[in-house]
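Note sheet for the following structure.
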């Protein structure tokens, strides 16, 4: 038996360290003797070119992309194979495991029950699940939805080989007996256990299974014909297979009992269905299923100590700022699959990227951001590396303590001088964890050498000492104070 559900920060570090998508530097000017006539491309052609470049420059087995404005497809593209062994290509019908994009569906389901009066934001886990004896029994529904419960993540403890059966009780046992990571409502930390408990609450309140509720109350009313709860025992037409990339090529990803990811990551879907869901849930007046009250609550923040509003909202979805626009988004990562969607409500634009591959770059969040800029008529970031020496890099080295959030299991980011530059790692700088090289772009700002959508901005005091860090990780904002 092998441990295939590993710590999430390790997965992210792997994604970053294996990335080969970003080339840093200035483009070489054309020689004067060259004469090139450039034909302007349409938006659709630019979207297709960017998606194809991302696929060909990465190592996903298959990729499915959709870009939609006002409900109409600007571009839909499919690349690669849904099943390598049988040479089945990805097409518009291919359904992918979407991983944690399941969580916004769970968030909408819970909020529909709140609107009906069957559930309340102030209800506690212990009230609805009286058999739950864990330390999080006093955690509220609001804290589960907003990832502010302090309940530890069961993924950190889960071990699974292909299709070992799990029951709901088996999964609860992975975290219910553990102490809280922090006092509920005190901080923000992503934990799959929150969404898992929400799924159990939905079942307890409705008397239906989670899959039945999503099918009957969300997918059917919204016309999501390809969205369903994953069950490996059933025949699902056009289902993609998941893959890991190894030094020797692709490997089949394990297939889990659906009760392991459950309401935290069990859904199958397509770009078109996710776009319909996003517009219905977060776009004003787009669906009769989602009232204005529900929609407002889905994007409502919780206020953390110090008055900071969490970017992860009561709909179990992130509300971010992207190039001065609002962006509603969520990523997904499960064995053999990676995904991301972004909805721009002010432009009624949805971008969805689904892939069957794990540990591969460019990350779907990077692809999504690039496609969104094209659709919105915005320039891509121009990254030009600036020289940096060990003395300047040393100004930024050390540890930064996050507040009031934790990120991938830690509240400390470490920065070390390495190979004449600066490198970043999850956890303290004294640890021997993998370090991710950073590229200096001037004015105390760095980007990850793996992905330009990871931006590290350092702040100095009047004396010139570095005192804090602001990090944007695919638009998610985090701040930390430099530790003495």
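The values are calculated or read from the model by the stated rules, or taken from the named source; none is laboratory data. Owing to the predicted nature of the structure, the values given are computational and were not obtained by experimental measurement. FYI the Cβ positions are ideal-geometry reconstructions off the backbone, even for glycines, and counts take in every protein chain you see.
Within the stretch 292-309, track down each residue that is at positive phi and either touching a residue at least 12 places away in the same chain (Cβ under 8 Å) or in contact with a strand residue (DSSP E or B) (Cβ under 7 Å, 6 or more places away or on another chain) (or both). Matches in the stretch 292-309: 306 only.
Any chance the stretch 42-53 includes a residue that's modelled with pLDDT under 95 and touching a helix residue (DSSP H, G or I) at 6+ places or on another chain (Cβ under 8 Å)? Scanning the stretch 42-53 turns up no residue that is modelled with pLDDT under 95 and touching a helix residue (DSSP H, G or I) at 6+ places or on another chain (Cβ under 8 Å). Could you list, in sequence order, the residues of the stretch 99-128 that are farther than 13 Å from residue 144 by Cβ and without any contact (Cβ under 8 Å) to a residue 40 or more places away in the chain? 116, 117, listed by residue number. Going by the conditions given, is residue 400 over 25 Å from residue 329 (Cα atoms), crowded, with 17+ Cβ neighbours inside 10 Å and out of contact with any helix residue (DSSP H, G or I) (no Cβ under 9 Å at 6 or more places or on another chain)? Criteria met by residue 400.
Within the stretch 235-244, does at least one residue satisfy the condition of being out of contact with any strand residue (DSSP E or B) (no Cβ under 9 Å at 6 or more places or on another chain) and modelled with pLDDT under 95? Yes, the conditions are met somewhere in the stretch 235-244. For the stretch 405-424, the set of residues classified as surrounded by 19 or more Cβ atoms within 10 Å (Cβ to Cβ), within 23 Å of residue 362 (Cβ to Cβ) and touching a residue at least 60 places away in the same chain (Cβ under 8 Å) consists of 407, 413, listed by residue number.
Every condition in (1) on the phi > 0 side of the Ramachandran plot; (2) surrounded by 23 or more Cβ atoms within 10 Å (Cβ to Cβ); (3) touching a strand residue (DSSP E or B) at 6+ places or on another chain (Cβ under 7 Å) holds for residue 262 except the one numbered (3). Set side by side, the residues 118, 158 differ, and just one is modelled with pLDDT under 95, in the same structural domain as residue 356 (by TED's automatic domain parsing) and assigned to a loop (DSSP other than H, G, I, E, B), which is 158. Look at (1) at pLDDT below 95; (2) surrounded by fewer than 18 Cβ atoms within 10 Å (Cβ to Cβ) and you find that residue 72 fails only one, number (1). The residues of the stretch 242-254 that are more than 14 Å from residue 333 (Cα to Cα) and in contact (Cβ under 8 Å) with a residue 60 or more places away in the chain, listed by number, are 245, 250, 252.
Taking the residues in the stretch 109-122 that are in contact with a strand residue (DSSP E or B) (Cβ under 9 Å, 6 or more places away or on another chain) and surrounded by fewer than 18 Cβ atoms within 10 Å (Cβ to Cβ) as candidates, determine which candidate is nearest to residue 178 (Cα to Cα). Among residues in the stretch 109-122 that are in contact with a strand residue (DSSP E or B) (Cβ under 9 Å, 6 or more places away or on another chain) and surrounded by fewer than 18 Cβ atoms within 10 Å (Cβ to Cβ), the one nearest to residue 178 (Cα to Cα) is 122.
Of 452, 382, 429, which residue is assigned to a loop (DSSP other than H, G, I, E, B), buried (at least 17 other Cβ atoms within 10 Å of the Cβ), free of Cβ contacts under 8 Å to residues at least 60 places away in the same chain and not assigned by TED's automatic domain parsing to the domain that holds residue 341? One residue alone meets the criteria, 429. Of the residues making up the stretch 357-373, one or more are crowded, with 21+ Cβ neighbours inside 10 Å and part of a strand (DSSP E or B). Could you figure out which of (1) outside any loop (DSSP other than H, G, I, E, B); (2) within 17 Å of residue 155 (Cβ to Cβ); (3) without any contact (Cβ under 8 Å) to a residue 40 or more places away in the chain isn't true of residue 193? Among (1) outside any loop (DSSP other than H, G, I, E, B); (2) within 17 Å of residue 155 (Cβ to Cβ); (3) without any contact (Cβ under 8 Å) to a residue 40 or more places away in the chain, the lone unmet condition for residue 193 is (3).
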